[in-house]
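Right, one structure below, let's go through it.
The values are calculated or read from the model by the stated rules, or taken from the named source; none is laboratory data. Bear in mind the structure is a predicted one, so any value in this text is a computation, not a measurement. So basically every Cβ, Gly included, is an ideal-geometry build from the backbone, and we count neighbours across all protein chains shown. Just so you know, the surface numbers come from the protein's heavy atoms only, side chains and all, with ligands and any DNA or RNA stripped out. Shrake-Rupley method; radii C 1.70, N 1.55, O 1.52, S 1.80 Å.
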Amino acid sequence: KEKTARMRHSFGHILRSKGFVWLAGRDSQVGEWSQAGAVGQFNCGGGWMASLPPQFWPPPGSEEHGKVMKDFQGPVLQDRRQCIVFIGQKLKQDAITHALDACLLTVEDLLDKGEHVWKLGVRHLPDPFPPWRPLGPPPQMPNGAEP
């Protein structure tokens, strides 16, 4: 109860939150966040589209392909991003934003022995989360058909 009261005082009454995140060093896997009341879960939500070979993407020009490309941030980041939604009462947006921003990598975090590692391949920082199972190979098409 004390922790819930402290959270409510800091951020407002968060009833539900959910979304996905890109964790440093886990460039091919989506972190999936889900919270309702006092219960929260954080797991691997599968792979980013960026981690799939193009033959497994929706066909160019299709509505599905348009939805995928809407979320792309260029040829390097592609669809990797942070997207979390909060539902609640008297939410303190500035406090929530500040707390989430404090989780983002800084330029100092990206310096590895004087070399700038940028965003992909960050492996030199501690990872406080348990390991996720590696993603399997892309799905096989029935009867050897091409995607």
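Projecting the Cα atoms of Gln82, Ala5, Gln41 onto the charge dipole of the chain (Cβ charges, centred on the Cα centre) puts Ala5 farthest toward the positive pole.
For segment 63-137, the square roots a ≥ b ≥ c of the C-alpha gyration tensor eigenvalues yield an a/c of 1.5 or more together with a/b not exceeding b/c, which makes the shape oblate. Share of carbon and sulfur in the accessible area of the chain stands at 58%, probe radius 1.4 Å.
The convex hull around the C-alpha trace of segment 1-111, projected and averaged over every direction, spans 9.0 square nanometres.
Cross-link partners of Lys67 among lysines, defined as those whose alpha carbon lies under 29 angstrom from its own and excluding same-chain residues fewer than eight positions apart: Lys18, Lys119.
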